[in-house]
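What follows is one structure encoded as structure tokens, with my remarks underneath.
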Amino acid sequence: MDFLSTMRLALRALARNKMRSGLTMLGIIIGVGAVIAMVGIGQGADRQIQDQIAALGSNMLFVGSGSVNRGGMRMGSGATKTLVQDDAAAILRECPQVAAGSAGTVTGAQVVHENDNWNTQVYGVEPAYFDIRNWPPSMGVTFDQSEVDRAANVAVIGETVRKNLFAAASPLGETIRIKNLPFTVIGVLSAKGTSAAQGNDQDDAIFIPVSTHQKKLTGDTWLRFINVSAVSQAASVGAQGCITALLRDRHRIRAGQDDDFFVRNLKDMADSAAQASRIMTILLASIASVSLLVGGIGIMNIMLVSVTERTREIGIRIAIGATEQDVQRQFLIEAFVLSVIGGGIGILFGIASSWVISAQFKWPVLISPMSIVVAALFSMAIGIFFGFYPARKASRLDPIEALRYE
Amino acid sequence: MTTVPRSVPETVAAKASGAVIRVQDLHKYYVMGDNRVHALRGVTLEIARGEFVAVMGASGSGKSTFMNILGCLDKPTSGHYYLEGTDVARFTKGDLAKIRNQRIGFVFQGFNLLARTTALENTELPALYSRLPREERHKRAMEALNMVGLADRHDHYPSQLSGGQQQRVAIARGLVNQPSILLADEPTGNLDSRTSVEIMEIFQDLNKNNGLTIIMVTHEMDIAQFARRQIVFRDGTVRSDRYTPPNDCVDAAYVLKSMPTLED
């Protein structure tokens, strides 16, 4: 029998038992729908984490001054005074994987504007810092190299600082006092929000040229950190190795001795976060897959009942010339049609329910075309897999026995 | 029922050229637990093209097994079955399905029509498995229904048809692929006597006018008398095999005239 006739036959057989076919399909609908929705939620969470990490600055590496061991007492990170401006210049010069670098230091300070004051972190950085962190100003400008060279008293403030010191007034051109030193506000950074990695408010900060910070504010000659960006995300691992080797050499650290600095790779952080969300996606999808499996077993069950019920029909068909393949194909296509229609409705159901979830709980849901294609293929495979045994059973019936079956 | 002798037209004898079926020393036994049930114990016979044969015998005589083997639904344990000169034992399962489809028409006792499927679609069924194009299937099915006088009921479902009409649809189904032989297993078993004779009238008509070879299993003597040859089975062997003398043949159309109709 040709495919079209078999298809028509299958549809008619399914239409004959609408309630039963509907309930059998429901198993697949719920299964496919659950997989689509769960994968959508998982991928949505994954995308959100990726976005947050990208917001920290792409390809970013963080070089921090490290711990030092003084007679058995380890001083904790930031305790060494060995990381210096020349190290930052050397990294830019020596490591080809590095695109940009910004020497940086930080101190906590009370900041005053007219009658308002606010305690915040004051960072000394270089102009490249704002590009590396992917952090443009929302108002005014950031400082340039000439202002760093002459240790100008200029400040770029974070959004939280602006809110606390200026409220509704424009901060541009206003003078603020940091440790009693007057600074002119030349820009306000766009709001970045809470950091994904540390959970602190990134907007609660003031940025001034690193030279000003060192010479006028603290008198320190060493750096707390160097922000570095690699030429690409792939290059960041190589950059990390290069910086580590370079700094060990410059700081004359012998083999076997601990580093007096640390290099953190943002890609590593992104990877571990992405892995966590991927594990969640897999977990959700595998739980949902169980319901898909149960749906498939439902198809198998109904097909077995159907084969038994239609024993006589099968006997007639074999007697008048249906081959084993004809009979097998007939029942296989029936199971296939059940699961494919169920899968199709299930995809719509999954998209609809993830839409409802995202609207209701404000969760980001991402339905990728890939997950729809996989779900469609999977439901087809389920139809064939769970339809195979009943169809085979039908095709193996003895026509003499089958014709006698009451 | 009265038997009315009638002369047989010469055409049947003319068309009866060569053996369409030849069986040689057929044996069949089934193993049931420790017992071996012998269903056929050496059957040898020939059936020529154009014959109308009644196969008779009590239940357990082996006639059903014999028919199943003729219909290629079952295989003999030993012996040979030549259908139109070819030994069926050599065929694969797929070949046998094709033979059942192309060369053999089946009519069953219980009609065995597919429910919720129209008379036309039921008739078409064998043509569906021989992969004929849709138009050709319809054409042939309508012709077959026409032969059994049911063309006007082609869109009726089995539940809307009487027993006799259902059996006629089954006969049309058996004819749709223009087979060499028509095998009927107790075709009148579920029918009243008048309808039974109506079915015999169709058989005689198909046999005489279309030269169709018909082999019919029955245990009713008065049905068997409509056939031209009666083979009686007993304990797995052929007990008697005799031809009705042309003058003693019963014409179903004639018998019907003397039978009361349902309205009477």
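Laid out as a table, the results:
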quantity: Residue within segment B:217-224 that is assigned to a strand (DSSP E or B), modelled with pLDDT of 90 or more and out of contact with any Phe, Trp or Tyr (no Cβ under 8 Å at 6 or more places or on another chain) present; calculated: yes
quantity: Some residue of segment B:213-223 being within 14 Å of chain A (Cβ to nearest Cβ), in contact (Cβ under 8 Å) with a residue 12 or more places away in the chain and under 14 Å from the mean Cα position of the chain (by Cα); calculated: yes
quantity: Lone unmet requirement of (1) within 25 Å of B:Gly50 (Cα to Cα); (2) touching a Lys or Arg at 6+ places or on another chain (Cβ under 7 Å); (3) facing chain A (nearest Cβ under 10 Å) for B:Val148; calculated: (3)
quantity: A:Gln325 vs. criteria surrounded by 21 or more Cβ atoms within 10 Å (Cβ to Cβ) and either acidic (Asp, Glu) or within 14 Å of another protein chain (Cβ to nearest Cβ) (or both); calculated: no
quantity: Residue satisfying condition, being in a helix (DSSP H, G or I), surrounded by 18 or more Cβ atoms within 10 Å (Cβ to Cβ) and either among the aliphatic types (A, V, I, L, M) or at the interface with chain A (Cβ under 10 Å from one of its Cβ atoms) (or both), within set B:Ile69, B:Ile21; calculated: B:Ile69
quantity: Yes/no for A:Gly256 being at pLDDT 85 or above and out of contact with any Cys (no Cβ under 7 Å at 6 or more places or on another chain); calculated: no
quantity: Conditions (1) in a helix (DSSP H, G or I); (2) in contact with a helix residue (DSSP H, G or I) (Cβ under 6 Å, 6 or more places away or on another chain); number of the one not met by B:Asp152; calculated: (2)
quantity: Selection count, segment B:60-90, where residues are without any contact (Cβ under 8 Å) to a residue 12 or more places away in the chain and closer than 24 Å to A:Val327 by Cβ; calculated: 2
quantity: Inter-residue pairs, beta-carbon under 6 Å, first within 11 Å of chain B (Cβ to nearest Cβ) and in segment A:1-28, second part of a helix (DSSP H, G or I), 6+ apart; calculated: A:Met1/A:Asp326; A:Met1/B:Leu128; A:Met1/B:Tyr129; A:Ser5/B:Leu128; A:Thr6/A:Arg329; A:Thr6/A:Gln330; A:Thr6/A:Ile333; A:Ala13/A:Glu334
quantity: Members of segment B:73-96 that are in a helix (DSSP H, G or I) and touching a Leu at 6+ places or on another chain (Cβ under 9 Å); calculated: B:Val88, B:Leu96
quantity: Pair list, Cβ under 9 Å, 6 or more apart: segment A:187-201 residue under 23 Å from A:Ala273 (Cα atoms), other residue of a type in the set (Ser, Thr, Tyr) and at pLDDT 75 or above; calculated: A:Ala191/A:Ser138; A:Ala191/A:Thr160; A:Asp201/A:Thr160
quantity: Flag if A:Ile345 is assigned by TED's automatic domain parsing to the domain that holds A:Ala10, closer than 20 Å to A:Ile36 by Cα and surrounded by fewer than 24 Cβ atoms within 10 Å (Cβ to Cβ); calculated: yes
quantity: Which listed residue, of B:Phe52, B:Phe66, B:Phe111, B:Phe106, is aromatic (Phe, Trp, Tyr) and modelled with pLDDT under 90; calculated: B:Phe111
quantity: Residue list for segment B:189-212, restricted to those being surrounded by 23 or more Cβ atoms within 10 Å (Cβ to Cβ) and either aromatic (Phe, Trp, Tyr) or modelled with pLDDT under 90 (or both); calculated: B:Phe203
quantity: Residues of segment B:237-261 satisfying the condition of being assigned to a loop (DSSP other than H, G, I, E, B) and at pLDDT 80 or above; calculated: B:Thr244, B:Pro245, B:Asp251, B:Ser258, B:Met259
quantity: Scan of segment A:104-157 for residues that are over 26 Å from A:Asn59 (Cα atoms) and β-branched (Val, Ile, Thr), ordered by number; calculated: A:Val111, A:Val112, A:Thr120, A:Val154
quantity: First in segment B:119-139 and at the interface with another protein chain (Cβ under 10 Å from one of its Cβ atoms) and under 20 Å from B:Gln166 (Cβ atoms), second anywhere and surrounded by fewer than 21 Cβ atoms within 10 Å (Cβ to Cβ) and of a type in the set (Gly, Ala, Ser), Cβ under 6 Å, 6 or more apart; calculated: B:Leu128/A:Ser5
quantity: Enumeration of residues in segment A:146-173 that are touching a helix residue (DSSP H, G or I) at 6+ places or on another chain (Cβ under 9 Å), part of a helix (DSSP H, G or I) and surrounded by fewer than 20 Cβ atoms within 10 Å (Cβ to Cβ); calculated: A:Glu147, A:Asp149
quantity: Condition met for A:Ala319 (under 25 Å from B:Asn101 (Cβ atoms) and of a type outside the set (Asp, Glu)); calculated: yes
quantity: Residue list for segment B:100-118, restricted to those being touching a strand residue (DSSP E or B) at 6+ places or on another chain (Cβ under 9 Å), closer than 21 Å to B:Leu150 by Cα and more than 7 Å from chain A (Cβ to nearest Cβ); calculated: B:Gly105, B:Val107, B:Gln109
quantity: Residue within segment B:80-99 that is at the interface with chain A (Cβ under 9 Å from one of its Cβ atoms), buried (at least 21 other Cβ atoms within 10 Å of the Cβ), closer than 22 Å to B:Asn190 by Cβ and modelled with pLDDT of 90 or more present; calculated: no
quantity: Residues within segment B:56-66 that are within 10 Å of another protein chain (Cβ to nearest Cβ) and either in contact with a Ser or Thr (Cβ under 7 Å, 6 or more places away or on another chain) or of a type in the set (Gly, Ala, Ser) (or both), tallied; calculated: 1
quantity: Residue count, segment B:37-66 (criterion: assigned to a helix (DSSP H, G or I) and in contact with a Phe, Trp or Tyr (Cβ under 6 Å, 6 or more places away or on another chain)); calculated: 1
quantity: Every pair of residues 6+ apart whose Cβ atoms lie under 8 Å, when the first sits in segment B:17-41 and is at positive phi and at pLDDT 85 or above while the second is surrounded by fewer than 16 Cβ atoms within 10 Å (Cβ to Cβ) and not small (Gly, Ala, Ser); calculated: B:Asp25/B:Thr44; B:Asp25/B:His80
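Residue by residue, here is whether (1) surrounded by fewer than 21 Cβ atoms within 10 Å (Cβ to Cβ); (2) without any contact (Cβ under 8 Å) to a residue 40 or more places away in the chain holds:
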| residue | (1), (2) |
| --- | --- |
| A:Ile299 | no, no |
| A:Ile302 | no, no |
| A:Val307 | no, no |
| A:Ile320 | no, yes |
| A:Phe388 | yes, no |
| A:Lys393 | yes, no |
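The values are calculated or read from the model by the stated rules, or taken from the named source; none is laboratory data. Computed from a predicted model, the values in this text were never measured in an experiment. Virtual Cβ from ideal backbone geometry, glycine too; neighbours counted across all protein chains shown.
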